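A quick write-up on the structure given underneath.
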């Protein structure tokens with residue numbers, strides 16, 4: 001066995017309480033996990049998305065019902081909850097789109113190295129959160 005192999009730590013059993021809190025996931029890992037979470041979130045809320053689209057384009061009356069869902073609420077859900085779910089969908093769409101474009105760019109240009117992975121992951125995180133804040137401010141009536 002080489003000298004380098006002897007100095008390397010060996011992990012046989014991972015203790016979730018001791019090892020996982022000290023592990024630092026790189027930005028590319030966060031983007032990858034959030035890409036999957038955003039896709040699952042959009043898939044699970046697909047009936048809500050279809051209802052939003054159908055209600056907004058069916059007729060003039062249904063459009064006013066759509067608008068009132070964001071202010072008055074819908075059934076047992078107050079308008080604030082509808083806005084929060086919609087804000088979550090906005091983030092999920094933006095993050096999934098930007099991360100997907102990142103993956104397409106990396107596949108097309110073969111730009112797979114640590115520096116590009118880190119910088120592009122930070123770009124995805126900053127851009128998706130920044131655009132979500134801007135669109136969330138519009139959704140909540142700040143401007």
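Applying the set (1) in a helix (DSSP H, G or I); (2) closer than 20 Å to residue 98 by Cβ; (3) modelled with pLDDT under 90 to residue 70 leaves exactly one unmet item: (2). The requirement of being in contact (Cβ under 8 Å) with a residue 40 or more places away in the chain and either surrounded by fewer than 12 Cβ atoms within 10 Å (Cβ to Cβ) or under 24 Å from residue 114 (Cα atoms) (or both) is fulfilled nowhere in region 4-14; no residue meets it. One residue alone among 78, 47, 26 is over 23 Å from the mean Cα position of the chain (by Cα) and modelled with pLDDT of 90 or more, and that residue is 78. Residue 82 meets all of the listed conditions (1) touching a residue at least 12 places away in the same chain (Cβ under 8 Å); (2) within 19 Å of residue 36 (Cβ to Cβ) but one, namely (2). If you go through region 90-119 and pick out every residue that is free of Cβ contacts under 8 Å to residues at least 60 places away in the same chain, assigned to a helix (DSSP H, G or I) and in contact with a helix residue (DSSP H, G or I) (Cβ under 7 Å, 6 or more places away or on another chain), you end up with 6. Selection of region 85-102 for residues being surrounded by fewer than 15 Cβ atoms within 10 Å (Cβ to Cβ) and over 17 Å from residue 40 (Cα atoms) yields only 101.
Taken over region 73-84, the criterion of being in contact with a helix residue (DSSP H, G or I) (Cβ under 6 Å, 6 or more places away or on another chain) and either on the phi > 0 side of the Ramachandran plot or surrounded by fewer than 16 Cβ atoms within 10 Å (Cβ to Cβ) (or both) is satisfied by 73, 79.
Of all the criteria given as (1) at pLDDT below 95; (2) within 18 Å of residue 29 (Cα to Cα), the one not satisfied by residue 123 is (1).
Screening residue 56 with (1) modelled with pLDDT of 90 or more; (2) under 22 Å from residue 94 (Cα atoms) gives one miss only, at (1).
The values are calculated or read from the model by the stated rules, or taken from the named source; none is laboratory data. Please read these numbers as outputs of a predicted model, since none were measured by experiment. We place every Cβ from the backbone using ideal geometry, glycine too, and count neighbours over all the protein chains shown.
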